[in-house]
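Undergrad: Here you go, one structure.
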Amino acid sequence: MQRFEFRIISVPPGRYTATLNEYGAEGWDLVTVAHDVRTVPAKKDSGSGLPMPPGLGKLGQAADAVSKFGESDSPDEPEPGTVMTTLLWVLRRPLYDEPEDWNAPE
């Protein structure tokens with residue numbers, strides 16, 4: 001009975017052909033392409049770590065600014081609730097562990 005090992009990869013856009021050719025040279029066959037669909041979760045409000053009573057005016061604003069320091073407002077970062085789809089490439093190659101299969105191509 002023929003046995004296989006499987007590998008699931010995510011290929012960056014623009015690298016599909018080169019990546020699949022590299023895996024093909026190593027004996028991998030493409031089985032299927034699947035969609036991994038996820039929703040970007042909302043950011044958790046980490047707060048400043050210090051309890052701040054409401055209504056502190058400029059002090060409260062300063063505490064909020066410090067708590068947000070280092071957060072990214074990058075345009076590359078998707079908004080919470082955005083549905084993201086990633087292509088997953090399912091590959092397989094035969095396993096040769098029987099003595100008569102030792103001379104089989106790798």
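Since every read-out is calculated from the coordinates, none of them should be taken as a lab result. Computed from a predicted model, the values in this text were never measured in an experiment. Here the Cβ is made from the backbone with ideal geometry for all residues, glycine too, and neighbour counts use every protein chain on show.
Undergrad: So, in nm, how far is label residue 92 from label residue 38 when the simple model puts each one 7 Å beyond its Cα toward the Cβ?
TA: Computed distance between label sites residue 92 and residue 38 equals 2.6 nm.
Undergrad: Could you work out the local net charge near residue 10, counting Lys and Arg as +1, Asp and Glu as -1, over the other residues with Cβ closer than 13 Å to its Cβ?
TA: Values: positive: 7, 15, 38; negative: 36.
With Lys, Arg at +1 and Asp, Glu at -1, the net is +2.
Undergrad: Taking the Cβ of residue 32 as the center, what net charge do the other residues with Cβ under 14 Å away carry, scoring Lys and Arg +1 and Asp and Glu -1? Can you show the working numbers first?
TA: Details: positive: 7, 92; negative: 29, 36.
Once all neighbours under 14 Å are counted, the net charge is 0.
Undergrad: Please compute the modelled spin-label separation between residue 77 and residue 31, points set 7 Å along Cα→Cβ, answer in nm with one decimal.
TA: With each label placed 7 Å out from Cα toward Cβ, I get 3.7 nm.
Undergrad: Here's something else I'd like to know. Can you sort 11, 31, 83 so the residue with the fewest Cβ neighbours within 10 Å comes first? Each step should come with its number before you reach the end.
TA: Values: 11 17, 31 14, 83 9.
The order, fewest Cβ neighbours first, is 83, 31, 11.
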